[in-house]
Amino acid sequence: MSTVEVEDLRTKVRSVYHEVAERPDGEFHFEMGRPLAQRLGYPAEELDGVPEEAIASFAGVGYHLHLAEISEGDTVLDIGSGSGMDSFLAARKVGSSGRVIGVDMTEAQLAKAERLRADHGFTSNSFVAGYAEDLPVEAGSVDVVISNGVINLAADKQRVFDEIARALKPGGRMAIADIVTEKQLTDDIVRDSSLWAACIGGAAQEASYLGMIEAAGLVVRSVEENREYAFLSGSAQGATARFGVKSVSISAQKPA
């Protein structure tokens, strides 16, 4: 299957998510903010404990934290942490004895998350620049990996899952939400980096996606479809209808 030029893809993704951070009230292919988060399943009382600015820039595709089984003292890695909503929610679970490391490649997102961390006193959080394909953590150092609507944006998803497996401790857990398809996308869609940045062009077929997780040495534990998620634009809705584009939440574990 054809693919996109990686640097072109990263440039377009950065551009989109710079706008998500700076102007969350703008027009995008996807919905954002608190109404989306609550409809997907995020408990309102938990959202009340994180900065509203982080929630405003939330652009996830499903609810997955219930699958992560985050405990006090855990080290959590949030891939594509954006403005920090999931990272801040995870920090409330790990407590002062745990750590939450947010990784993102978009400068505006990192800057916003770090400002909110400092302003609101989240001492368990840190936010660092990095790529999902080359995670800036030591091997076997993480109890839980989370990610929401991000891995579909990576050109080399197998490398992402290999990196997740490398980062996890034996017995560690992965809980993610992402976009997959029921049918294979056409080459013209896959080659279009703008459609990748809109969370459509990079979506893998579900069976292939799960196969990559297992090829990385992780054991898939559960798959849930997020039926409340929907794209906004006509072109995105057309792709959804034609190729069965959908959101799923997946949990997996690294063997002990």
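The values are calculated or read from the model by the stated rules, or taken from the named source; none is laboratory data. All of these numbers come straight from a predicted model, not from anything done at the bench. With ideal geometry, Cβ positions are generated from the backbone for all residues, glycine too; neighbour counts draw on all protein chains shown.
Per-residue answers, yes or no, for (1) modelled with pLDDT of 95 or more; (2) surrounded by fewer than 17 Cβ atoms within 10 Å (Cβ to Cβ); (3) among the acidic types (Asp, Glu); (4) under 17 Å from residue 65 (Cα atoms):
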{"site": "174", "(1), (2), (3), (4)": "yes, no, no, yes"}
{"site": "189", "(1), (2), (3), (4)": "no, no, no, no"}
{"site": "195", "(1), (2), (3), (4)": "no, no, no, no"}
{"site": "212", "(1), (2), (3), (4)": "yes, no, no, no"}
{"site": "236", "(1), (2), (3), (4)": "no, no, no, no"}
{"site": "244", "(1), (2), (3), (4)": "no, yes, no, no"}
{"site": "252", "(1), (2), (3), (4)": "yes, no, no, yes"}
Worksheet item: Can you tell me which of 122, 127 is crowded, with 24+ Cβ neighbours inside 10 Å, more than 25 Å from residue 231 (Cα to Cα) and among the aromatic types (Phe, Trp, Tyr)?
Response: 127
Worksheet item: Going by the structure shown, is residue 22 modelled with pLDDT of 95 or more, surrounded by fewer than 20 Cβ atoms within 10 Å (Cβ to Cβ) and over 22 Å from residue 247 (Cα atoms)?
Response: no
Item to complete: Within the range 11-52, track down each residue that is over 16 Å from residue 80 (Cβ atoms), among the hydrophobic types (A, V, I, L, M, F, W, C) and either in contact with a Pro (Cβ under 7 Å, 6 or more places away or on another chain) or part of a loop (DSSP other than H, G, I, E, B) (or both).
Response: 50
Worksheet item: If you take the residues of the range 72-92 that are farther than 18 Å from residue 118 by Cβ and free of Cβ contacts under 8 Å to residues at least 40 places away in the same chain, which of them is surrounded by the fewest Cβ atoms within 10 Å (Cβ to Cβ)?
Response: 72
Fill in: Any chance residue 155 is within 18 Å of residue 204 (Cα to Cα), part of a strand (DSSP E or B) and out of contact with any Cys (no Cβ under 8 Å at 6 or more places or on another chain)
no
Fill in: Unique match (being of a type in the set (Gly, Ala, Ser) and at positive phi) among 60, 26, 84
84
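Quick check, is residue 169 at pLDDT below 95, more than 16 Å from residue 80 (Cα to Cα) and either touching a Gly at 6+ places or on another chain (Cβ under 8 Å) or of a type in the set (A, V, I, L, M) (or both)? If you could, list the steps in order and put the result at the bottom.
Details: at pLDDT below 95: no; more than 16 Å from residue 80 (Cα to Cα): yes; either touching a Gly at 6+ places or on another chain (Cβ under 8 Å) or of a type in the set (A, V, I, L, M) (or both): yes.
Answer is no for this residue.
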Discussion item. Let me spell it out: the conditions are (1) under 19 Å from residue 230 (Cβ atoms); (2) surrounded by 19 or more Cβ atoms within 10 Å (Cβ to Cβ), and residue 33 meets all of them except one. Which number is the exception?
Written reply: (2)
Discussion item. I'd like to check something: does the range 148-160 contain any residue that is surrounded by fewer than 22 Cβ atoms within 10 Å (Cβ to Cβ) and under 16 Å from residue 76 (Cα atoms)?
Written reply: no
